[in-house]
1. List, please: which pairs have Cβ atoms under 8 Å, are six or more places apart or on different chains, and start with a residue in the range C:91-109 that is modelled with pLDDT under 95 and end with one that is within 16 Å of ligand 1 (Cβ to nearest atom)?
2. State all residues of the range D:59-84 that are within 16 Å of ligand 2 (Cβ to nearest atom) and among the acidic types (Asp, Glu); if no residue qualifies, say none.
3. For the range C:37-57, check the following and say yes or no: at least one residue is under 30 Å from C:Ala353 (Cβ atoms), in contact (Cβ under 8 Å) with a residue 24 or more places away in the chain and under 25 Å from the mean Cα position of the chain (by Cα).
4. Do we find a residue being more than 16 Å from ligand 2 (Cβ to nearest atom) and in contact with a Phe, Trp or Tyr (Cβ under 6 Å, 6 or more places away or on another chain) anywhere in the range D:166-183?
5. Being under 30 Å from C:Leu352 (Cβ atoms) and more than 24 Å from the chain's Cα centre (by Cα): is that true of C:Lys275 here?
6. Residue under question is C:Asn298, and the condition is that it be of a type outside the set (Gly, Ala, Ser) and not in a helix (DSSP H, G or I); does it hold?
7. Are any residues in the range C:233-280 crowded, with 21+ Cβ neighbours inside 10 Å and among the polar types (S, T, N, Q), and if so, which ones?
8. Can you list residue pairs whose Cβ atoms sit under 7 Å apart, with the first residue in the range B:53-66 being more than 12 Å from B:Gly17 (Cα to Cα) and the second being of a type in the set (Phe, Trp, Tyr) and not in a helix (DSSP H, G or I)? Count only pairs 6 or more apart in sequence or on different chains.
Amino acid sequence: MYTEQVMDHFQNPRNMGEVENPDGVGEVGNPQCGDVMRITIKVNADERIEDVKFKTLGCGAAIATSSMVTELAKGKTLEEAQEISKKAVADALGGLPPQKMHCSNLASDGLKKAIDDYRSKHPVK
Amino acid sequence: MYTEQVMDHFQNPRNMGEVENPDGVGEVGNPQCGDVMRITIKVNADERIEDVKFKTLGCGAAIATSSMVTELAKGKTLEEAQEISKKAVADALGGLPPQKMHCSNLASDGLKKAIDDYRSKHPVK
Amino acid sequence: MDKAIFLDNAATTRTDPEVLEAMGEWQGDNFGSPATLYAFGSQAKQAIEAARQHVADLIGADQKDVYFTSGATESNNWAIKGVTEALAEKGKHIITNQAEHHSILMPCGYLQKKGWEVTYLPVDSDGLVDPADVDKAIREDTVLVTMVHGNHEIGTIQPLAEIGAITREKGVYLHANAAQSVGHIPVDVAALSCDLLSLSGHKFYGPKGVGALYIKRGVRIVPLLHGGGQEKKRRAGTHNVPGIVGLGKASELARKNLASEANRLSTLRDYIIDKIEKNMDDIRLNGHRTRRLPNNVNVSIEGIEGESIMLSLSYPTAENARPVFVSTGSACVSGTLEPSHILLALGLPAELAHGSVRISLSRHNTREDADYALDSLFAVSERLRSMSPVYKRGSKQCASGSSGEGCDCEAAS
Amino acid sequence: MDKAIFLDNAATTRTDPEVLEAMGEWQGDNFGSPATLYAFGSQAKQAIEAARQHVADLIGADQKDVYFTSGATESNNWAIKGVTEALAEKGKHIITNQAEHHSILMPCGYLQKKGWEVTYLPVDSDGLVDPADVDKAIREDTVLVTMVHGNHEIGTIQPLAEIGAITREKGVYLHANAAQSVGHIPVDVAALSCDLLSLSGHKFYGPKGVGALYIKRGVRIVPLLHGGGQEKKRRAGTHNVPGIVGLGKASELARKNLASEANRLSTLRDYIIDKIEKNMDDIRLNGHRTRRLPNNVNVSIEGIEGESIMLSLSYPTAENARPVFVSTGSACVSGTLEPSHILLALGLPAELAHGSVRISLSRHNTREDADYALDSLFAVSERLRSMSPVYKRGSKQCASGSSGEGCDCEAAS
Ligand SMILES: Cc1ncc(COP(=O)(O)O)c(C=O)c1O
Ligand SMILES: Cc1ncc(COP(=O)(O)O)c(C=O)c1O
């Protein structure tokens, strides 16, 4: 039911872990739902995402989308990264089963939350 | 579903046909039911059944029981022949399927009717 | 035993070796259940969806509208009970006809006990329903018309497209019981305008115990088997993967061979009918002469009874070494005391219904088989007629009257 | 691909080669339908009756009381709908429990919509129903108690004999859903005092798509499939002869091997449970430790989610070349957004239900298989825990509280 890309990211997740001294942290999901994602980012002076990592409790789709979102976000400006949609993540993975589209594809929300967290600590001058 | 004896009597019926100038004729059944049996008998001076034949429209059981009843009746006194029961016919055939026990086992009734017919023409002095 | 000639293919057909082969894979290493997620199960799921596509293609349906069941009996029960329950608010009247299969009539009878009204339309002497009768019978509270497509006993093909045009216009669901027609003649759910359609695998060289119900998108129907989420939550139960794959394969093969095989069998059927009519006196062809399933011949033979014909044919003798298997509408094999309700619905007297023989052909039957079987039939009929106390050649005695009177042989015995 | 290790045998088992062989005969020359009279059909009939005897022997029943169906889902639907309909005059209340299979719960839910009252008894933390609760729940208008025998997910075996003693005394029918227990542990309809009992062939090395319902003589029940006169007019439809013969063979084999196999598997099961408990922190055994199906292990693993465990195990890697197939109670595979209702019924918080793994053994699994699978499980769990943002060894965070609150991830997303 999962594409090869999903399985690849699930089996060989990219950017798994936690950024040291993160500039922003975003956690979404709920253990009761079976999905929790924690995205940590390092932002450089140009407001680009220099590093991004994830930790995820969840199903295959949850892990693969987390991995993919970090890949997509890396090197992007915060503005660009904020635009990464659920659909973009799913597309990059060659598609997700319909029932997984929403519930297990929270990674872009997690990224947005991490960016918001960064912003709340670095208000625009 | 039929015993070997039933199949034998069905395939090789004994005493099929009509006795010439019968002393008694018994017909039972009804074409609408799918069963009609016609038993003809020749009775000798000792009131013994000298000859008996059947013609039958009907299923395997109907034909086999007709054949068997003529076998059982041949040579018997009228009194003895009258006692031939449905069960005796079925037993002699090694048994009949339950649903055939009654509907297609009218041959002994046919024989009784033939005997009655003889008796009505030869009242006891 | 010399090679038997099986002419009872309307009862069941021999599973095609290609079908068996296709099933085999799913009975071995690939036994996993399709509801599961791992690779194993998802292969089974793909196999099921491929089978669904084959079935859909055979009946001109969208594959999403095909639901697997355990056979036409389940499909018919589901269609009738499921639709009436879903639409009970709208009304409690359904329409069928007197010459239906028991898997239609019995659910209808069951509904009657629960307060539904059922109109059993008459059929003409060929077994045809008049579409105008359907039109007249539809009322405000009618929720379903259920009509057989090809009759299993007499082979008559109902004018379903015409009936479908009426039901579609009046906004009443049409259910087609196509157990005998699918795989044998073209069946197209759009051309028939039907909303539901039943089929059974073993009637066209597929496996026993598997069938399908076509449910047009949007049709309201309550499940018959509640439980797990299989079949989009409409029909629960672990998928019978080998059976479903077999049904798919049978559908694929049927579609490929349909035109040529229907043609070949219609010719053979007409050859048989001709030969019987030329060689036997006092017989009647039952069912419509041309609007007829390609594999069905049904004749009544005056003065003798069907079970004994069938039985004689099936037991080899010195003259007839090859057993021949046919069926009959006689009460003696119906399990009840009544002869075939379908033959009676044609207006036949009970005698002629008892004396009926159905020959139903398959892709395995050749003209040589038919000739052999017919010679046996002629000999057997001759022999049984010579034993019959009622048969007189040309007298037509049985055909005359007495229809309508019931048989009370049980009471008489 | 290296040889896969299939540990999802509660979902379905591999059909035994002897079963396939027994079926083969009826898919070839002997394809005739048993309802027919000729020699052909009567051989099929004998084969069916022999199969019925084997099934009856396996459950200690009179063979006259065994009716063939398309599987346990149909048997369960038939039992529940058929009995309630037959006894509707007496009352409209039935009893079951919260940890039932969907093929019980969904028909119960369906009845509720039609005005029936259903009592769902609680289970304790091991999944056991208290017979005293059954006793208390029975009312004047109770017509049926339906109880699973062996739970498919957590393996707990209900005290059915004790429940049966109560229902028998109170004159209420007991239906046992024995889909998971038949063929695996001794099942005796007399010892259980049950009036109806469901079983499914593919759960004990028989074919898919065939099962049976035991109906004690005299029990009042309406048919679910109306139609032809098969199965003494109680279950219509052309007999699935190969399937039924296969079920018979599976029953025969099961009976022969039952004691030794149950013994071997219980030992293997306990070995697995022990090894998991010794090698893993923060896990919970679900289901009763000893009153348990011989082939069932179910554990919740804190901090990780079942689908990802299952998926990882099923995909071979350099270290784990053999795919391992298990199942889980996680919402991610249930098709709903809720984790297993059975695990929740035990009182588990949703987190632990999502993190459950079911290992269900078969006669084909060896200790070597188990060791291999467990090593994979340990490695996979370690890896997934290292990815988990919530897992902290020994914290028991997931086990604490929060049960009762639902998941609203859909709303949140
Ligand atoms: C406890 C239980 N009951 C009923 C069923 C239904 O059996 P089937 O899917 O064969 O109809 C199953 C298996 O799916 C089961 O485990
Ligand atoms: C016209 C018709 N409908 C329904 C059925 C029922 O099919 P099955 O016995 O495969 O359920 C049959 C065959 O028995 C049939 O001929």
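1. Listed by first residue and then by second, the contacts come to nothing, as the list is empty.
2. Scanning the range D:59-84 gives a single hit, D:Glu74.
3. Within the range C:37-57 (the criterion being under 30 Å from C:Ala353 (Cβ atoms), in contact (Cβ under 8 Å) with a residue 24 or more places away in the chain and under 25 Å from the mean Cα position of the chain (by Cα)), the answer is no, since none of the residues qualifies.
4. yes
5. yes
6. yes
7. C:Thr238, C:Asn240, C:Ser251
8. B:Gly60/B:Tyr2
The values are calculated or read from the model by the stated rules, or taken from the named source; none is laboratory data. Everything numeric in this text was worked out from a predicted model, so none of it was measured. Cβ atoms come from the backbone with ideal geometry, glycine included; neighbour counts cover every protein chain shown.
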